[in-house]
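Let me begin by presenting the structure, written as structure tokens, before commenting on it.
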Amino acid sequence: MRKNSITLSIIAFFLTAFNTLSEAQCDITAVAYPMTVCAGDQVILTSSGSCGYLMNNHFNNNSIGSGWSSTAANPVFNNPCGPGPNGPYLWVGTTASSQRTLTTNNYDVSVGGCTLKWDMRYGRVQGQGPCEDPDAANEGVHMQYSTNNGSTWTDFPGPNIEPSGPNSINGPFFTSTYGSGGYWQPYSSQTQQNNSSLYYWHTYKCTVPPVASTTSTKFRWAQLANSSQGWDAWGIDEVGITCPNPLTHVQWSTGDTVFNPGQITLAPRPNNLGYDTCFIVHIWDTLNLNGAYDTVCIHVLPIPTADFTADTNICEYDSTLLHFIGSADSSAVFTWSLNGQNTYNRGSLDTLLPTGIYSTQLTINQGGCMATSAITTIHVNPKPLLSFSSDKFEGCAPLTPTFTNYSIPTNSTFTWNFGNGDTLINNSPTYTYNDAGTYTVTLSGITQQSCIDTLVLYNLIHVYPNPTANFLITPSVTNVDNPTVQFTDMSSNNVSSWYWNFGNGDSSTTQNPNYTYAADGKNYTVWLYVKTDKGCIDSTSLIVRIIVDKIEVPNVITPNGDGVNDVFTIKNIEAVESSTVLIFDRWGKKIFESHNYKNDWDGGNAADGTYFYVIKYSSFLKSYEKSGTLTILH
């Protein structure tokens, strides 16, 4: 739960006779974080101080102060990069310098266990200027010591630990775990810097190692590599060097006897009313019994609750109800945040959302106390994006278009309505329209998240009726004496063109043609092809018969084996439907009979002489009988 910062008057209680560090040689600073809380929250009480200061420099008089042997870094004290921990701070990088080092005097730290404690930050602006960021691996600040008056320098031993705590830009600045070590390597990217405590004011504390605990040890802050003036800036503040005094005592008004009591819970008051509470810390030793005091006060506010319910899996632009179920008084200001976009709406919120994943949070400001709900993730799923086409939009029945579905997501379930009452669940169906008409095609899609949409393409498919080919032949059977035939078109359904194939290679495009066949006694299959103005076709066929119904009978045959006139050959006899040939001698005796005669009688054993024949035959039209005499001459 986050709380707004409310400025309070810090009530300090100091004993008048012991109100200066110069007299007491003790210094103590009490810190509470946060200083404004909601009832039931915790604050962290910490303090820092000592009764054994070798250096205690705050730069609050806009100068380097005492205790330094060299300030080659050429620092400034005008706070060029925003507020610092306590008034002016020392800043390096805005001015030219031969080397960027800050070196202390020699100090006697031979007692052991002495510490250096200071606040520090790196510049965080990417681009030349007073706050430009150290971003190369070798552009960080070293914490070093020298036991030979600065001839050689050694980094404090590691591990190199970055401080931890809230990364604040404008304060208050609070460090829960001090930075330590001898070098803090910068980060190269803006994102890394924004998330690193090195680039915000934090407290560092290093214990002087035994090898450096001599009667004459110097310390320095050193940036051993940088680009140039206006680049790779950094700063320090609240620098203190202390050595332990085993007879130093700390006493908090809570009864704690340590510098950092830790977390203190500030319980709600009856009726959840706000209140103020203060904590006092006292430090002293055997030489300075009155020591030093500091006081820190906390303002405790009543707390609202920011609970709400929501449908967390919906479809785009469906109604989204964020239903407030928490508690807040009439002064509370509601801020609904959807992916960082704020809407100020008291109570519940009903909204329409496009596709996306929304981190939804409610913040309530009630009299300066902020209650923030847990983040509720709302998945607003897309409706299917429907699109399709057809390889055929018009044609003759039966028309079989294939519909190509371009819709996404492709794993949706797609239902087609073909406009004639037929439906089909398919991705890209092929469908046959058997009946003529104009059809509206509808595609419906439902995603795996149950989001539905529909696409209607009106009058998309035009199916044209086919013609029905039909014709009459007058006459359909005729003989070789009259081989002319009349063709009469009987087709229906908007025929606009005709094509006749008469079965012998000849053709016509006349609607009702006459045609004269060769007198050859053949059958002909006649085809009629018809077409509408939409290109729809049909065809049908009938047979025309040109029959032979006349025969020619010879009156002499000479079956002597010379290959000429050896057999009784009746012209056209094989073209008739049926025939019977009878041969009689002059006494009326039948000497030959044949049905469906094949022109193959050579007289047999008949002697030369005159014979009588009777020929009965039938054509498609009628039956005939013919008789006569036949002379056989061998």
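Spin-label model, Thr29 to Asn61: label points 7 Å out along the Cα-to-beta-carbon direction sit 1.8 nm apart. Net charge dipole, region 209-330: roughly 720 debye, given to the nearest 20, about the Cα centre with Cβ charges of +1 for Lys and Arg and -1 for Asp and Glu.
Please calculate how many Å² of accessible area the chain carries per residue, with a 1.4 Å probe and no DNA, RNA or ligand atoms counted. Per-residue accessible area for the chain comes out at 48 Å². For Tyr597, the residues whose modelled amide H falls within less than 5 Å of its own, excluding neighbours fewer than 5 places apart on the same chain, are Ser579, Val581. Our estimate of slack between Leu621 and Ile375, defined as 0.36 nm per intervening residue step minus the Cα-Cα distance, is 78.4 nm. With a 1.4 Å probe rolled over the protein heavy atoms of all chains, the accessible area of Phe403, Phe308, Phe584 falls in the order Phe584, Phe308, Phe403, largest first.
With bins 5 Å wide beginning at 0, the percent of Cα pairs of region 58-204 falling in each bin runs 2, 9, 16, 22, 23, 17, 8, 3, 0, 0.
Here the Karplus curve 6.51 cos²θ - 1.76 cosθ + 1.60, taken at θ = phi - 60°, turns the phi angles of region 122-129 into couplings of 9, x, 10, 9, 8, x, 4, x Hz, with x standing for Gly and Pro. Positive-end ranking of Gly112, Cys451, Ala292 along the dipole of the chain, with charges on Cβ about the Cα centre, is headed by Ala292. Using the Karplus relation 6.51 cos²θ - 1.76 cosθ + 1.60 with θ = phi - 60°, the per-residue 3J(HN,Hα) values for region 565-575 come to 6, 7, 10, 7, 9, 9, 5, 6, 5, 7, 8 Hz, with x marking Gly and Pro. Packing here is the average count of other Cβ atoms within 10 Å per residue, and on that basis the peptides 84-95, 57-68, highest first, run 84-95, 57-68.
Between amide H atoms placed 1.01 Å from N, distances below 5 Å from Val485 occur with Tyr515, Thr516, Tyr517, all of them 5 or more places distant or on a separate chain. Ranking Asn61, Val480, Asn365 by Cα position along the charge dipole of the chain, where only Lys, Arg, Asp and Glu carry charges on their C-beta atoms, puts Asn61 farthest toward the positive end.
Give the relative contact order (percent, whole number) for region 430-492; include only Cα pairs under 8 Å separated by 6+ residues. About 29 percent, as a whole number. Residues whose amide H falls under 5 Å from that of Ile547, counting only those 5 or more places apart or on a different chain, are Thr478, Asn479, Val480, with hydrogens built in the peptide plane. Whole-Hz Karplus values for region 53-65 come out as 6, 8, 9, 8, 10, 10, 6, 6, 9, 6, 8, 5, x Hz, taken residue by residue from phi with 6.51 cos²θ - 1.76 cosθ + 1.60 and θ = phi - 60°; glycine and proline positions read x. Within the set (1) 20; (2) 57; (3) 48, the number that percent of Cα pairs over 48 Å apart takes when calculated for this structure is listed as (2). When His595, His379 are compared by accessible area at a 1.4 angstrom probe, the order from most to least is His595, His379.
Rounded to the nearest 500, what is the 222 nm mean residue ellipticity of the chain from helices alone, with -39500 (n - 2.57) per DSSP H run of 4+ residues and division by all residues?
-500 deg cm²/dmol
Sorting Met35, Met143 by solvent-accessible area of protein heavy atoms yields Met35, Met143, largest first, with a 1.4 Å probe. Charging the Cβ of each Asp and Glu at -1 and of each Lys and Arg at +1, and nothing else, the dipole of the chain about its Cα centre rounds to 340 debye.
The values are calculated or read from the model by the stated rules, or taken from the named source; none is laboratory data. None of the values given here were measured: they were computed from a predicted structure. Please note: Cβ atoms are built from the backbone with ideal geometry, for glycine as well, and neighbour counts cover all protein chains shown. With ligands, DNA and RNA removed, areas are computed over all heavy atoms of the protein, side chains included. Shrake-Rupley method; radii C 1.70, N 1.55, O 1.52, S 1.80 Å.
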